[in-house]
1. I need the phi-derived Karplus couplings for the stretch 405-422: 6.51 cos²θ - 1.76 cosθ + 1.60, θ = phi - 60°, integer Hz, Gly and Pro marked x.
2. Amide H to amide H under 5 Å from LEU247: which residues, 5+ apart in sequence or cross-chain, H placed 1.01 Å off N in plane?
3. Starting at the first residue of the stretch 47-53, write each ³J(HN,Hα) from the Karplus equation 6.51 cos²θ - 1.76 cosθ + 1.60 with θ = phi - 60°, in whole Hz, x for Gly and Pro.
4. Near ALA539, within a Cβ-to-Cβ distance under 11 Å, what is the net charge of the other residues, with Lys and Arg +1 and Asp and Glu -1?
5. Test of understanding: express the Cα radius of gyration of the stretch 377-555 as a ratio to 2.2 N^0.38 Å, with N the residue count.
6. Once amide H atoms are built 1.01 Å from N in the peptide plane, which residues 5 or more positions from ASP438, or in another chain, come under 5 Å H to H?
7. On the first, second and third principal axes, largest extent first, how far apart are the outermost C-alpha atoms of the stretch 485-525 in Å?
8. Under a Cβ-Cβ cut-off of 15 Å, what is the net charge of the residues other than ARG118 that fall near it, where Lys and Arg count +1 and Asp and Glu count -1?
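Bear in mind that the values in this text are calculations on the coordinates, not laboratory data. Bear in mind that the values here come from a model prediction, so they are computed numbers and not experimental data. Cβ coordinates were reconstructed from backbone atoms using ideal geometry, including for glycine residues, and neighbour counts include every protein chain displayed.
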Amino acid sequence: MVVVEACRKQKKQLSDRTGLDESEGETDDEDSDDEAEAITSGDEDTVKFDDIDEHARLAPHLTTQAEPVQYQLVIPTFGRWRPVQAMSGKRKFAGNDTPFILAHTLRFLSRQQIPKSRVTLFVANEDELSHYKQALHGSDWATVRIRISELGNAASRNRIMRSFPKNTYIVSVDDDVERIVWKIREGMTHHCLRSIPPGAFEKLIFDAYKKMRANKAFLWGLSTSQNARHMRTYGMSVRCGLVNGYLNGFINRPNCPELFRTLADATEDSEFSARHFAKDGVILRYRMYAGITSPYLNRGGLQSKFEVAGEVITAAQRSCERKQEERRGAAALHDLFPKLIGPPKQRRDKKTMEVNFLGPCLSNKKRIAPQLLEQDKIRYQQRNPKVPGCQAFHLYEGYKRARTVAGAARLGARPIDFAHDYNWGFLRVVGLASAKWDVEVETGVMLGPQRTPKSHKQFVKVRIREMSLGHLGLDVPKSDIERLKCRCPALCFVDDKQWAAEDGPLASVRLVALRSILRFVETGLLRYERKHAWLVYDALKVCGRVDMARKVKSLEALPAAAKTSTSVQKHLRAPCTSSPAKLPKKTNDKNGANNPYKLRGRKSGKSASLKLALRGRKPIRSYNAQRKQTTRMAPTIHTNYVEENLVKAPH
């Protein structure tokens, strides 16, 4: 922290002396300023073996056994033939008249010993072609191949795809790449990053081709973040995500129109990534490497699209215009690939893309918080998946031994920890507790325990609505699943693997409704909170129990009717009552002494009812009519609600 604060003070002093605008002095990477470069520029190539993490020692450029392959390296470029001091606000380029592209990408390729015969520059038009030839004249790259492409980021890259035959291995590098860094040890600052040594880039190209063939992939890239905190010392991601356009490699397929970019220039790399994942189901990204670029800071390239000729604007103004186009492109990508990309998500940092890729556990652009109860039984993955050294890592070490939700909370688990661990599969729910209830519907038949066939499999993964795409599912006991199949005819032929599918039978059922359904098939008592009646209704329909769903729907209106009719009290009783109230038994006493339904002192029947009606009194129905009415009533409801004109039974 002392070093970081010292660097910040030095940066502020230099800014005050040079008079640079703060927005122009910022960079997209954390270690390309003068003070950070002083740390890494001296011994960035000669790294001591003891300083390298054991996982980092397995980096591909150190251990790969991939055979050399033929490839073409392309550089789409626009306006970067101008002097670097006019195109970049970085202090290290002040007073430097070297052409921008020579000070960035071509310098990087020379250092990595990339053969010039494999490199091709793609420019927008004839004027750009003449400017680049003049800028490169007298340099080592004077004879590099330059071809005319099209104006526009997406159009230029589409033209590149059409310029090479099928199955050509193409490596695309932007014209503002300074270097590739490699994470040599765990940490969150640029001190744990080092530039890859000379010759390592070509080894990485060969290794990526080998891994693409092994994984049946056609696109690879580097880490999407230059921040060491978000990088790893090992591993390769195969999930759906962004493959940055500044450096990637792909096997060309010009005969596949679904791979060509059609949307905004600001999101062309996101679109290219999504189209490849939609077609192949896999893209590769090295998690230990990142390219150092400044796409929002440097002028030229895509930034030229947001400038008017002769107009002087700041980097912040250019970034604002670019961000607006990026949001439009992100919305269009969400409409085009709703299962891969969610709605645009505004970021705190303007340099972060707002295209929101759906990871393995994110079905929309926010975490899905589980509706767990304190008594729910859970199990945590014992191997800590959090970043070592961070607060979440230490908290996880404390609560990973918990067996219930309440126990995990006592051991330090926060609400965000429950949501994160649940979505990413670190937290497994292995037992659902009974939820509180204020309504109980009886079927009239107590089901009791159901014998289930023996199985070596104790749990079945079940997908419900509160679950992201990458979630593996709830661990529901096999006995409950077999009982559910027996009680619900619509589910009797569902295979064990289908329960966890994205379109599984219970994928639209809420967790609170699943608790009630599992309780119902076990005991014959359907208990739920009145506010969740429609969730239970929908769940019963999904399970094929339309009869019970109709009863729940019909009983939902009873509290409102109870305010105008005292007869509803015969349909209601408190949840603690074990059986419904018994009706008075019919008596054979003709005089009606023991018959509460017998009209005393006058005749019963139609004539008596007519006389009472004429006097403004309500007629009393005969015993048989009352008995018939009561036997036709709906299933018994238990409620804790005290409504008007309802009798509250004692607990």
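1. Coupling constants for the stretch 405-422: 5, 4, x, 5, 5, 5, 8, x, 5, 9, x, 5, 5, 4, 5, 5, 5, 5 Hz.
2. HN-HN under 5 Å from LEU247: ASP174.
3. 9, 5, 4, 5, 7, 8, 5
4. Working: positive: ARG465, ARG510, ARG515, LYS541, ARG545; negative: ASP538.
It works out to a net charge of +4.
5. Working: Rg = 17.6 Å, N = 179, 2.2 N^0.38 = 15.8 Å.
In units of the globular-protein estimate, the stretch 377-555 measures up at 1.12.
6. TYR528, GLU529, ARG530
7. 29, 21, 13
8. Its environment carries a net charge of +2.
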